[in-house]
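Below is one structure, written out as structure tokens, with a few remarks after it.
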Amino acid sequence: MLKKDYLKNWDKEYFWHPFTQMKVYREEENIIIERGEGVYIYDIDGNRYIDGVASLWCNVHGHNHPKLNRALESQLKKIAHFTTLGASNVPATVFAKNLVDITPPKLTKVFYSEDGSEAMEIAIKIAYHYWHNRGEKQKTKFVTLSEAYHGDTIGSVSVGGINIFHEKYRPLLFDVYKMPSPYLEAVKKVGREKALEYGTTKMLIEEVEDFIFRNHQEIAGFVLEAGVQGAAGILPFPKGYLKEIRRICDEYNILMIVDEVATGFGRTGYMFACEKEGVEPDIMALGKGITGGYLPLAATLVTDEIFDQFLGEFGEAKHFYHGHTYTGNPLACSVAVANLEVFEEEQTLKKLQPKIKLLEERLKEFWDLKHVGDVRQYGFMAGIELVKDKKTKEPFPYGERTGFKVANYMIKKGVWVRPLGDVMVIMPPLVISEDELNYLIDVMKEGIQNLK
């Protein structure tokens with residue numbers, strides 16, 4: 001058995017962590033997780049924490065779920081991996097059918113990858129290639145939203161819009177058309193209280209439609225998250241915004257590409273967020289909760305109309321030139337199949353509804369706190385924005401890491417969260433109990449109250 005001191009030293013010496021300033025990380029005490037059970041994680045020192053952000057928004061039914069474990073064990077005794085380039089496997093085939101059965105009806109074909117960023121990269125390439133195969137080679141541009149986040153590969157960064165993440169790589173990216181973040185634009189124009197109303201959408205959409213009218217002939221796709229900009233700090237769209245974008249895409253012959261990586265698989269109270277407004281995208285990217293938080297898997301779904309444009313004789317070279325070594329991995333797909341079965345057997349979505357209401361009620365308490373500038377919720381996703389001055393909304397200096405001060409306080413109280421800058425995120429596994437959720441909220445509230 002490895003000594004704990006060895007692990008702690010090796011972690012700082014050899015492991016380069018994602019989205020982490022390693023100089024700071026190596027100077028601080030950090031937890032190394034050894035196991036999980038339900039909504040709890042346990043570190044190598046035996047300390048227990050509520051997993052307050054569902055292992056980066058992907059854990060659905062809790063850690064160490066017996067049915068998901070059995071699915072992996074059963075598949076492991078058969079085969080762990082074999083390529084799907086020109087071949088197939090049982091779990092990938094079954095799960096593709098399962099996905100088509102539960103996603104919006106017009107989405108009928110499934111292309112696998114390993115994470116949400118790749119799913120979006122694939123979506124972008126498919127959209128571009130689709131118009132090329134149709135002979136409409138002028139349609140090469142994409143419309144995206146400012147403050148968007150779609151992953152960290154070059155294509156997905158190109159359609160993203162969070163400067164702190166993306167600005168360094170600007171010379172590597174392709175050009176896109178950017179429309180304003182719906183929430184931030186709404187707050188600027190009508191204030192926070194009216195930002196999410198239908199009337200606000202009608203006002204915002206005029207600018208979008210005017211731009212599309214003038215440029216639609218060269219636009220391949222409109223790329224946006226499904227109702228809320230997650231990594232930007234949980235910024236919800238005004239009511240009806242997603243539906244209006246669907247209308248505009250239909251009217252001007254543009255593919256609607258919806259990123260459901262963070263919102264899919266129950267996170268918003270619906271299996272998929274686009275269901276909330278009855279929207280059917282042309283291309284949809286899925287990830288995170290797709291395996292219940294067990295293994296890397298993602299999927300890009302498209303319509304028959306799009307798929308058919310890639311059919312032809314081999315010599316025509318119309319087929320989609322994209323793939324990964326682990327595309328359609330049997331282990332990942334087997335646990336994904338079991339994940340959907342757990343949703344049904346445990347009535348996960350039905351049991352989630354009162355917890356969404358509880359979260360909504362408890363979030364009202366944060367408005368009274370001295371350093372809270374905004375409180376936002378979208379289903380079982382919440383963001384509490386910390387500010388230095390409540391009246392002026394002046395932010396804390398970036399280098400002060402105020403969000404991490406609150407997170408470090410919470411760690412000492414047995415709750416692990418990962419803030420988005422100075423936005424405290426509440427996004428636990430969907431199966432968290434009401435008592436556990438209340439405790440998480442109480443501890444976060446205390447941490448914010450402790451700020452100077």
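The values are calculated or read from the model by the stated rules, or taken from the named source; none is laboratory data. Note that the structure is a prediction, hence the values are computed from the model and not measured. FYI the Cβ positions are ideal-geometry reconstructions off the backbone, even for glycines, and counts take in every protein chain you see. Surface areas here come from the heavy atoms of the whole protein model, side chains and all, with no ligands, DNA or RNA. Shrake-Rupley method; radii C 1.70, N 1.55, O 1.52, S 1.80 Å.
With +1 on each Lys and Arg Cβ and -1 on each Asp and Glu Cβ, and nothing else charged, work out how big the dipole of the stretch 20-167 is about its Cα centre, in Debye to the nearest 20.
So the dipole magnitude of the stretch 20-167 works out to roughly 1060 debye.
Considering the options P429, L440, W416, tell which one lies farthest towards the positive end of the dipole of the stretch 411-452, charges being +1 on Lys and Arg and -1 on Asp and Glu at the Cβ, about the Cα centre.
Farthest along the dipole direction, towards plus: W416.
Using the crude model of +1 on Lys and Arg Cβ and -1 on Asp and Glu Cβ, and no other charge, please compute the dipole size for the stretch 58-108 relative to its Cα centre, in debye to 20. Before the final figure, lay out the partial values.
Numbers: 6 positive and 2 negative charges, 17 e Å.
Approximately 80 debye in magnitude.
For the chain, what is the accessible area per residue in Å² when the probe is 1.4 Å?
With the other protein chains kept in place, the chain gives 47 Å² per residue.
Measure off, as a whole percent, the carbon and sulfur share of the 1.4 Å-probe accessible area of the chain, all protein chains present.
On the chain, the fraction of accessible area on carbon and sulfur atoms equals 54 percent.
What figure, in Å² to the nearest 10, do you get for the accessible area of V110 with a 1.4 Å probe and non-protein molecules left out?
Per-residue accessible area (V110): approximately 40 Å².
Restricting to Cα pairs below 8 Å that are 6+ residues apart, what does the relative contact order work out to for the stretch 362-452? Please round to a whole percent. Write down the numbers at each step before the final one.
Working: 124 pairs, mean separation 24.8, N = 91.
Reported relative contact order: 27 percent.
What is the Cα centroid distance between the stretch 118-181 and the stretch 309-326, reported in whole angstrom?
If you average the Cα positions of each part, the centres end up 21 Å apart.
Using helices alone, what [θ] at 222 nm do you get for the chain, with -39,500 (n - 2.57) per DSSP H run of 4 or more residues, divided over all residues and rounded to the nearest 500?
-11500 deg cm²/dmol
Among rounded, prolate and oblate, which fits the stretch 339-420 when a ≥ b ≥ c are the square roots of the eigenvalues of its C-alpha gyration tensor, a/c under 1.5 means rounded, and a/b larger than b/c means prolate?
It is prolate, given that a/c is not under 1.5 and a/b is the larger ratio.
Work out the charge dipole of the stretch 38-137 with +1 on the Cβ of Lys and Arg and -1 on the Cβ of Asp and Glu about the Cα centre, then indicate which of L68, T108, I122 is farthest towards its positive end.
T108
With a sphere of radius 15 Å drawn around the Cβ of G379, what net charge do the other residues whose Cβ falls strictly inside it have (Lys, Arg +1; Asp, Glu -1)?
Result for the local shell: +4.
Quote the relative contact order of the stretch 305-402 in percent (integer), defining contacts as alpha-carbon pairs under 8 Å separated by 6+ residues.
Relative CO of the stretch 305-402 lands at 12 percent.
How much accessible surface area, in Å² rounded to 10, belongs to the heavy atoms of V187 with a 1.4 Å probe?
Taking all protein chains as shown, V187 has close to 50 Å².
Under 12 Å from the Cβ of D282, count the other residues' Cβ atoms, weight Lys and Arg +1, Asp and Glu -1, and hand me the total.
Details: positive: K106, K109, R246; negative: D250, E280, D304, E305.
Neighbour charge sum, excluding D282 itself: -1.
If a/c stays under 1.5 just call it rounded; otherwise compare a/b with b/c (prolate if a/b is bigger, oblate if not). Do that for the stretch 140-236, with a ≥ b ≥ c from the square roots of the Cα gyration tensor eigenvalues.
In terms of gyration-tensor shape, oblate.
How far apart, in nm, are two points set 7 Å out from the Cα along the Cα-to-Cβ line at T325 and at F19?
About 2.6 nm separates the two model spin labels.
Does the stretch 351-394 classify as rounded, prolate or oblate by the C-alpha gyration tensor (a ≥ b ≥ c root eigenvalues; a/c under 1.5 gives rounded; else a/b over b/c gives prolate, otherwise oblate)?
Numbers: a/c = 4.65, a/b = 2.59, b/c = 1.80.
Prolate shape, in that a/c is at least 1.5 and a/b is the bigger ratio.
What is the dipole size for the stretch 1-85, taken about its Cα centre, with +1 at each Lys and Arg Cβ and -1 at each Asp and Glu Cβ, in debye to the nearest 20?
Using Cβ point charges on Lys, Arg, Asp and Glu, the stretch 1-85 gives about 440 debye.
Heavy-atom accessible area of T83 with all protein chains present, probe 1.4 Å, nearest 10 Å²?
50
Roughly how compact is the stretch 228-322, stated as its Cα Rg over 2.2 N^0.38 Å to two decimals?
Values: Rg = 15.6 Å, N = 95, 2.2 N^0.38 = 12.4 Å.
So the Cα radius of gyration is 1.26 times the expected 2.2 N^0.38 Å.
Of all GluC sites (Glu not before Pro) in the stretch 256-362, which ones are in loop regions per DSSP and have a Cβ with at most 16 other Cβ atoms within 10 Å?
For GluC sites (Glu not before Pro) across the stretch 256-362 that sit outside H, G, I, E and B with at most 16 neighbouring Cβ atoms in 10 Å, the list reads E313, E346.
Can you order the peptides 193-199, 98-104 by their average number of other Cβ atoms within 10 Å per residue, highest first?
The peptides rank, most packed first, as 98-104, 193-199.
Longer than 29 Å from Cα to Cα, which of K12/K67; K97/K239; K364/K412; K97/K288; K355/K452 are they? Say none if no pair is.
Those over the limit are K12/K67; K97/K239; K355/K452.
Let me see the P(r) profile for the chain: every Cα-Cα distance counted, bins of 10 Å, each bin given as a percent of all pairs.
4, 20, 30, 28, 14, 4, 0
For the stretch 28-69, what is the relative contact order in percent, using Cα pairs closer than 8 Å and at least 6 residues apart in sequence? Intermediate values should be presented prior to the final figure.
On the way: 46 pairs, mean separation 14.7, N = 42.
Contact order relative to length: 35 percent.
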